[in-house]
Amino acid sequence: MTTASNQTHQQINAASKHESITGVVERLTYYSEESGYTVARLQRPGAKELTTITGNFANIQAGQTLQLVGFWREHPQYGPQFQVVNYKETKPATLTGIEKYLGSGLIKGVGPVTAKRIVAHFGLETLEIIENQIERLSEVNGIASKRINMIKSAWETQKAIKEVMVFLQSHGVSTTYAVKIYKQYGEQAIAIVTNNPYQLAADIYGIGFITADKIARNLGVPPDSEFRYRAGITHVLSEAAEDGHCYLPQPELIHQAIELLMSESHQPTEQALAPIIQKMTLASELVRESTADKTLLCYKPTFFYTEQNLAQLISDRILAPINPDIPRVRSWIARFTQSRKIELSPQQQEAVEVAAYSKIMILTGGPGCGKTFATRTIVELWKAMGKSIALAAPTGRAAQRLSEMTGLEAKTIHRLLEFDPRTMSFRRDEKNPLPQKALIVDEASMLDLFLAYSLIKALPESGQLLLVGDIDQLPSVGPGNVLADSINSGKVNVVRLTQVFRQAQTSAIITAAHQINRGQYPSIEPISDTPQTDCLWHGGGHQPEHGVQAICELIGGLIPTLGFNPITDVQVLSPMSRGLVGTRNLNQVLQQLINPPSPEKVEITRGGSTLRMGDKVIQQTNDYNREVFNGDVGFITNIDTEEQEVSVQYSDRDVTYDYADLNEIALAWSVTIHKSQGSEYPVVILPMYTQHYMMLSRNLFYTGLTRAKKLAIVIGSQKAIGMAVRSVNKQQRYTQLRSRLIQTGFVH
C-alpha cells in the first residue's frame, strides 16, 4: 500500500470513530477569547442529564440548536465529554429551544421577556416569520414598528456576522472580534480581510499583528512576502510605542522584527529587512534620523514630526520670556502671606517668583513638599496680575482634585482642548488658541508626546504654562518622557521642592515614599489589629497564594473595622496583570468576595469574563466618541439584556456600551500601578512579590505607594521590596526630546 493510500486509510479509520449528536446549548461554562475554545452544556433530546461539549466554536449562544461531529473522551476530573471536531447550527425544533435561542442576546432588541411573547404568539413558525415576514411581529403585544425595524436590522446583521465568523474560523483564528470587524467594514468585511488581512491590526482595537498574520498565512500569503515584512516592522514600532518609546534604533528594530517574523520554516535576515526599511523610508512610511555616532533611529512619521515640532514650540517660548518685575512680585507675596497669616518656604517663594515671568515652568517635588500650597499661591498671584486662568489634568479624577485644591473649575485636557470625535482632533490649536492667558496642568508626568504637543500648540502666544508633577513617578502610559526630558534638558525653568513640611512628616506613607526615592528600604510598621500609622506591612508569606489570602482577609476584616468601605474606598494595585497576585486573577477573586452573584444582579459573560451589576470597571482605551479615557474607573449600574447594553457610572457621567464594545472595559477591583497614575484612593493594598520581578522598580513602587491618601498596606516579601528599591531606570525610553531642546532653535 502506498503512503498516500495509508494516509487515506488512517483518515477513514479516524472518521469512523466520530459520532454525530444534536442538542440545544443550555449554557456556556467557559470561553477563551484567544482561541475560541469553549466548554458548554448541551441538552440532547430525551436525555435526562446535560452533556458537556468542548471544542473551538465561532460564537455559540445559549439556545442554539447544534449538530455536532466529534468523539467521546473521559476527563479525569469532569467525567465524559464530547470533543467537537466540526459543527453546524440548525434551527431549534422545540418552542423552548426557539425561546432560548431568541432570548440569548443574539439579536439586539430581543431579550428573554420579548422572546417569550413572540414564541407564545407564533409557536414553531417563529424563526420562519422573522426571516420572511418580520412585519408580522406587530401582532405581538408591546412590539412597535421601531422595535421591529431594530430586530430586522439586528437579524440581518447577525447573518452577515455569522458569515464573517465562519470565514475567520475556517482560517483557524478566534472570532471574538467578528462583531467589531463587521461594524468596521460592513458587507465589505470578508473582501477587505481577504485582500489585506493586516488591515485588521491597523483598524480594529484588540486585533494585533499576530492574529492578522494567522489569517494571512492561512490565506496563502508567503512568510517572506514584502507585504508581511512591512506589516511586521510597523507592528514592532507600534509595540515599542506601547512601551513608551518614540523610536527604535535600526539594529534593535531589525532584531525585534526578525523575532516576530521567524517561524520553524522561515528565518528572516538583516540583509532581507534592511532594504525593506529603506523602501519604507523612501515611501514616507518611516522617518530615519542619524545620530552623532551614525546610528539610524527609526520613527513612525507622526512620532518624528510631533517630537520635532514639540521641541521647536517649547524652544520658541523659552526664547521669548516675560520681563519680570521681581520687586513688585516679592512685595505682593509679602502682603499676601501676611494677610493670610501663612509662610512660604524659600523654595516655594522661588516657585511663585519664577511663575510670574516664565512662559513655561515646571514645579516638581515629592509628597509633603508643598506643591499644592505653592500652586494655590501662584493661582492667587496670576489672579492679582489680572490673568485669566485655565486648569487641567490628564484624567477626570486628577482634574477634580485640582479643582478642589484651587477652588476654580478644572477640566481634563481633552475637554479643555475641545476634542472633536468626528475629526479625531482638538478644536483648540495654534489657529484657535485657548482664550486664557495662564494654564496650570497637574499630574504632568502623565503627559505623553502627543498630548503635550496638542496642549502647548493651543496656548496663546502671550500665554504662560505651569506644569505640576512628580518627576519620580512612573512616566506617561503613552510614548515619550516629556516631563523628565524637559527638566533634564536644562532649558526649561524648573523649581524642585525637596523640603518635607513638619505636618507631612507625621505620615508614614510620605516618609516611606521619600526613603524609597533615596534607595533606602522603607520603614513600614508591621500590621496589627489596631494600627497606629497610615502605612503598614503585611508579610503575607513569600508565596503569592498567601498574598491572595491576605488581601481577602484585609478586605473582609480589618479594613471595614477601620471605617473604610471595601467597595468605594479600597483599590488593590498590582505591578502586573499576570500571575496569582496579578490583576487578572485578583479581579476574579475580589469580584466573588466584594460583589458576589445574586438573583437581583444581572450579569453577562463575555470572553471568559463575567461583568455584573455593581462591578467596578476600568476603561482600557481612549474612546473619544463616548468621552471616556484610558484609566477612567466607574461602576456598572445597569445591564440591559434586551437592548444588549451595559451602563457604567463614571465620576462625572453615565456611559453606555454595546455588548460588541465590552472589550473596552475590564474589572477594576484590582488595577495595575501604571493604570492608577493620576488617581488617589483612600486605601491602597499593594502586593509586592518576586513573581513580578520583571516589573519591580523604584518609581513603580513609589508611584503605587503614593496613590494612598489615608492608608497604604504593602503585602509580600521583603526580597521583592528590596528588588524594587534597588532597581532604578530599568528601561530607558527611546526619546530625543531632551537632545532637541538642548539644541535650542533646532530646525531639521
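The values are calculated or read from the model by the stated rules, or taken from the named source; none is laboratory data. Remember, predicted model here, so these are calculated numbers, not experimental data. Here the Cβ is made from the backbone with ideal geometry for all residues, glycine too, and neighbour counts use every protein chain on show. To get the accessible areas, we keep the full protein, side chains included, count just its heavy atoms, and leave off ligands, DNA and RNA. Shrake-Rupley method; radii C 1.70, N 1.55, O 1.52, S 1.80 Å.
A cut-off under 11 angstrom between Cβ atoms defines the neighbours of N309, and their net charge, with Lys, Arg +1 and Asp, Glu -1, is -1. Counted by Cβ distance under 12 Å from K491, the other residues give a net charge of +2, where Lys and Arg count +1 and Asp and Glu count -1.
Using θ = phi - 60° in the Karplus curve 6.51 cos²θ - 1.76 cosθ + 1.60, the 3J(HN,Hα) couplings for the range 639-649 round to 10, 9, 6, 6, 7, 6, 9, 10, 9, 10, 8 Hz; x is entered for Gly and Pro. Just for the range 598-748, what percent of DSSP beta bridges are antiparallel, to the closest 5? If I count the DSSP bridges inside the range 598-748, around 75 percent turn out antiparallel.
Other residues lying with their Cβ under 11 Å from the Cβ of M361 contribute a combined charge of 0, Lys and Arg counting +1, Asp and Glu -1. Simple spin-label estimate for Q743 and I134 gives 6.1 nm between the two label positions (7 Å along the Cα-to-Cβ direction from each Cα). Here the simple spin-label model places points 7 Å from the Cα toward Cβ, and for Q188 and S331 these points are separated by 6.8 nm.
Between T530 and T690, the FRET efficiency estimated from the beta carbon spacing at R0 = 35 angstrom works out to 0.70. When a 1.4 Å probe is rolled over the protein heavy atoms, the share of accessible surface on the range 271-394 that falls to carbon and sulfur comes to 53 percent.
Measuring nothing but protein heavy atoms, the accessible surface of the range 628-748 at 1.4 Å probe radius is 46 percent carbon and sulfur. Between the Cα long axis of helix 508-517 and the first principal axis of the chain there is an angle of about 90°, rounded to the nearest 10. Solvent-accessible area per residue in the chain equals 46 Å², computed with a 1.4 angstrom probe and all protein chains kept. Near the amide H of M688, within less than 5 Å, lie the amide hydrogens of I715, G716, S717, all on another chain or at least 5 residues away, with H placed in the peptide plane.
Each DSSP beta bridge with both residues in the chain is either parallel or antiparallel, and the antiparallel ones are about 60%. Give the relative contact order (percent, whole number) for the range 562-678; include only Cα pairs under 8 Å separated by 6+ residues. Relative contact order here is 29 percent.
With respect to the chain, whose longest principal axis is taken over its alpha-carbon atoms, helix 209-218 is tilted by about 30°. Model label points for N630 and L219, set 7 angstrom from Cα along the Cα-to-Cβ axis, are 2.7 nm apart. Can you match volume of the Cα convex hull per residue in Å³ to one of these, (1) 165; (2) 223; (3) 210, based on a calculation from the structure here? Correct label is (3).
Among the listed pairs K48/K88; K91/K183; K152/K601; K108/K300, those with a Cα-Cα distance over 31 Å are K108/K300. Each peptide in 506-517, 279-290 was scored by the mean count of other Cβ atoms within 10 Å over its residues; highest first, the order is 506-517, 279-290.
Taking amide H positions as modeled 1.01 Å from N, with prolines and chain starts lacking one, the residues under 5 Å from A410 and 5 or more places away or on another chain are S403. Distances between placed amide hydrogens fall under 5 Å for V628 paired with D623, all partners being 5 or more residues away or on another chain. Set the Förster radius R0 to 22 Å, insert the Cβ-Cβ distance between S425 and E239 as r into 1/(1 + (r/R0)^6), and round the FRET efficiency to 0.05. Rounded to the nearest 0.05, the efficiency is 0.30.
Seen against the Cα atoms of the chain and their longest principal axis, helix 226-242 is set at about 50 degrees. How much of the DSSP bridge set in the range 355-451 is antiparallel, in percent, rounded to the nearest 5? Close to 20 percent.
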